Amino acid sequence: MIVSWNWLTEYVRLDMSADELADRLALTGLNHEGTAEVGGDLAIDLEVTSNRPDCLGHLGVAREIAAVFGGRDFREPQPAPTASGPAVTAATAVAIEEPGLCPRFTARVVTGAKVGPSPWWMRKRLETLGVRCINNIVDITNYVMFECGQPLHAYDLRTLAERRLVVRKARPNEQLVAINGKTYELTPEMLVIADARRPVGLAGVMGGLETEIGDQTTDILIEAAQFDALTVRRTSRGLGLMSPSSYRFERPMDPERTDWASRRCAQLIVELAGGTLHDGVIDQSSEPPPERPAVMLRFSQINRVLGIEIPRVRVEAIFESLGLERIWHDEHAATFRPPTWRSDLEREIDLIEEAARVYGYEHIPEDQPVPLAASSLGRRERIERAVRDALTGLGFDEAVCFSLVPDELVAPLDPLPVEPPIRAEHADFRKNSALRQSLVPSLLAARSYNQSHGNADARLFEVAHVYLPRAERPLPDESPRVALVAGADFFEVKGIVEALLDRLHLADRLVCRPASPSPMAAGRSAELLLGDLHLGYAGEIDAEAARRFGLKGPCAAAELGLDALIDRADLAPSYQAVPIYPGVMRDLSLVVEKSLPWSSLAEAARDAGGSLLESVEFLDTFEGAGIPEGCHSLHFGLTFRSADRTLTGEEVEASIRKIIDACRARFNATLRAS
């Protein structure tokens, strides 16, 4: 944002040097990019952060100067144009078809104006900013925008079909020739300003050539409006068309500045171009903006946060100079209502920051101790830390991959259909433009990269979000996940998942179901559940995916939902006494159908074994002689133990018979003959 030194003097006294002004503004958040002399004036280039759109006009910068330099008088024009013509509603009409995208639209009309060159003082100020002067009407709209930050547009009223405007979305195959002379193809997502026949402007971006102010223009319609920031940004990026107006509309606008800018523009047109201002204003708005809630400030918090005392009188003077209204106060605290142009002031800490930056950060000693209180980790942070500790203990390294990926790395690790990925509309991300829906493809690419650089067995994991669009909601599901890849087979990666779950005291709840989500191999992968709750997937990477990623050797992967772990994990260690009585170990081989998951058989054995059954452990499978077609033998070990006595053989055999009977009843299992 470039501001003119001479222009600023209209609103605030400047008796300091340009260097001092730049230094003080930089300390308050308006970083100084440079100063250049332009024909007897100084063009001061300031970096305005996205949370301070109020400083995208000279009035906002002047208000900052007045506050920073000890509460100087701030002189803001109070436009009060004189209307002597008929009612504005007799000259034009405005309709808003998309109130959600255009919460407010105002229109004023001046007839009988004379278009010509702008006066010298206006041309001089605009040229200092690097703005090319066109004619007095266009220059006035630019002047008011650079004065207050509110963009405006002026139409030649006689060129508007039926002399009216409609705020609507573009229709299929519509085009607009903008005032830059280029033709743009419009899409139905774009908001346009139209007359009765065709679009005459891109809302918040640029006006149309056919209705621009020309030398023969006499009747002028002044537009001042509020537009949805995201819609303006999408239109601007989609067409590759940026303008000073779109730059401002992409940020939070002051809802009270719209009518001020319209009145200021109308007054200047009548003063500099003549004509008659029609009575009244067309002000179409969906609803008035809600009153800003007051924010409480405890004065003791200033010392606690900053480590210094700022006199209460000085704090209140700072807030007054910044436009905050004091609502209530006592000796310990006060509440202040932020002005409409400061949408960034919402919390107590915001007010403390305002007091600090205006009072001067240089007043805070470098060695001043600030009282701090250590915060405790929340449940999510504790679970994520435990996951990281467990995986690094298993020999994995943590990877950090980009969330924006090319199309080949976006696919979700989920057999269910999902919406197309969300894309970033930015020139810097044309290749890596999609928000990923799984972590596994990124880790496979990272493993391949490591292998090509001599790290043959990179065991990697990542904790991050995936982004799953949902058709019924405007925002995606941002699902936290943990994923891992390693040179392993299915059984090893399943063991890694079990070791991770054991760290969270969840291993005994793990259930595996046959599944083969891409890019995992059929028959060598599984869906993972915690009881009946979906957890994720684990399995070997199929040959086609391994070739596509350039992987060398076997590779397996797993991806788990962190929300499920956070809901079910138990981080409190429980004490279990060391057994003092011997355990009794037995093996069983049961013939069951191949489709029966081992987890189902193990669960049935635990249920039937009762309190004496300490553990169930899978050993191996057998297919061959004596085993019916479509079946196999599951060989597993059982450990029995009592905490208060040595078990007898009869007790153990009775428990084994219960297990066999339960498996026969539930799965038609038979005992394999030895």
Check your understanding: Over the C-alpha atoms of segment 184-320, what are the Rg and the largest Cα-to-Cα span, Dmax, in Å?
Key -> 21.3, 65
**Study point:** With DNA, RNA and ligands ignored, accessible area of ASP532 (1.4 Å probe; Å², nearest 10)
**Key:** 130 Å²
**Study point:** For segment 588-622 versus segment 447-498, the gap between their alpha-carbon centres in whole angstrom
**Key:** 30 Å
Check your understanding: Per-residue HN-Hα couplings for segment 215-226, Karplus 6.51 cos²θ - 1.76 cosθ + 1.60 at θ = phi - 60°, whole Hz, x for Gly and Pro?
Key -> 4, 8, 5, 10, 10, 10, 9, 9, 9, 9, 8, 10
Exercise for review: Please work out the FRET efficiency for the pair TRP121 and PHE402, using the Cβ-Cβ distance as r and a Förster radius of 45 Å; give the result to the nearest 0.05.
Suggested key: 0.30
Check your understanding: At a probe size of 1.4 Å, how large is the accessible area of LYS182, to the nearest 10 Å²?
Key -> 120 Å²
Revision key, fill the gap. The answer for GluC sites (Glu not before Pro) in segment 469-550 that fall in a DSSP coil and have at most 10 neighbouring Cβ atoms within 10 Å is GLU472
Practice item. Quick one: compute a quarter of the convex hull surface over the Cα atoms of segment 251-294 and quote it in nm². Key: 4.8 nm²
Revision key, fill the gap. Filtered pair list for the chain (Lys only, Cα < 25 Å, 8 or more apart or interchain) has a length of 5
Check your understanding: What does the helix-only formula give at 222 nm for the chain: each DSSP H stretch with n ≥ 4 adding -39500 (n - 2.57), the total divided by the residues, and the result rounded to the nearest 500 deg cm²/dmol?
Key -> -9000 deg cm²/dmol
Revision key, fill the gap. One finds the C-alpha centres of segment 272-313 and segment 142-188 to be spaced, in Å, by 30 Å
**Study point:** Test item: Cα-centred dipole of segment 36-168, Lys/Arg +1 and Asp/Glu -1 on Cβ, debye
**Key:** 500 debye
Review point. Once a ≥ b ≥ c are taken as the square roots of the eigenvalues of the Cα gyration tensor of segment 356-411, is the result rounded (a/c under 1.5), prolate (a/b larger than b/c) or oblate (a/b not larger than b/c)?
Key: oblate
Check your understanding: So, in Å, what gap is there between the alpha-carbon centers of segment 646-670 and segment 540-581?
Key -> 31 Å
Study note, to complete from the structure: Residues of segment 539-556 with backbone N under 13 Å of the label point set 7 Å from the Cα of SER452 along Cα→Cβ are 548-552
Study note, to complete from the structure: Taking Cα pairs closer than 8 Å and at least 6 residues apart, the relative contact order of segment 22-117 in percent is 15 percent
Review point. Which percent of Cα pairs goes in each bin when the distances of segment 457-562 are cut into 5 angstrom slices starting at zero?
Key: 3, 12, 21, 23, 19, 13, 7, 2, 0
Exercise for review: Note down the nm distance, to one decimal, between modelled labels 7 Å out along Cα→Cβ at ALA543 and at ALA373.
Suggested key: 6.3 nm
Point to revise | R0 of 60 Å, Cβ-Cβ distance HIS363-ARG513: FRET efficiency to nearest 0.05 | key: 0.40
Practice item. Tell me the Kirkwood hydrodynamic radius of segment 111-168 in angstroms, computed as one over the mean inverse distance between distinct C-alpha pairs. Key: 12.8 Å
Check your understanding: Starting at 0 and stepping by 10 Å, how many percent of the alpha carbon pairs of segment 11-160 end up in each bin?
Key -> 9, 30, 32, 20, 9, 0
Revision key, fill the gap. Any GluC sites (Glu not before Pro) in segment 132-203 that lie in a DSSP loop and have at most 14 other Cβ atoms within 10 Å would be GLU189
**Study point:** In Hz, Karplus ³J(HN,Hα) per residue of segment 538-543 (6.51, -1.76, 1.60; θ = phi - 60°; x = Gly, Pro)
**Key:** 8, x, 7, 7, 6, 4
**Study point:** the chain: antiparallel DSSP beta bridges as a percent of all, rounded to 5
**Key:** 95 percent
Check your understanding: What do you get for Rg/Rh of the chain when both radii come from the Cα atoms and Rh is the Kirkwood radius?
Key -> 1.14
Exercise for review: Any chance you could run the full-extension gain for ASP567 through LEU647? It's 0.36 nm times the residue separation minus the Cα-Cα distance, nm to one decimal.
Suggested key: 25.0 nm
Review point. Relative contact order, percent, of the chain when contacts are C-alpha pairs under 8 Å separated by at least 6 residues?
Key: 9 percent
Review point. Rounded to the nearest 0.05, what FRET efficiency is calculated for ARG606 and ALA522 with R0 set to 35 Å and r the Cβ-Cβ distance?
Key: 0.75
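The values are calculated or read from the model by the stated rules, or taken from the named source; none is laboratory data. Computed from a prediction, not measured in an experiment: that's the story for all the values here. No Cβ is skipped: glycine too gets one built from the backbone with ideal geometry, and neighbour counts run over all protein chains shown. Just the protein is used for accessible areas: all its heavy atoms, side chains included, with ligands, DNA and RNA removed. Shrake-Rupley method; radii C 1.70, N 1.55, O 1.52, S 1.80 Å.
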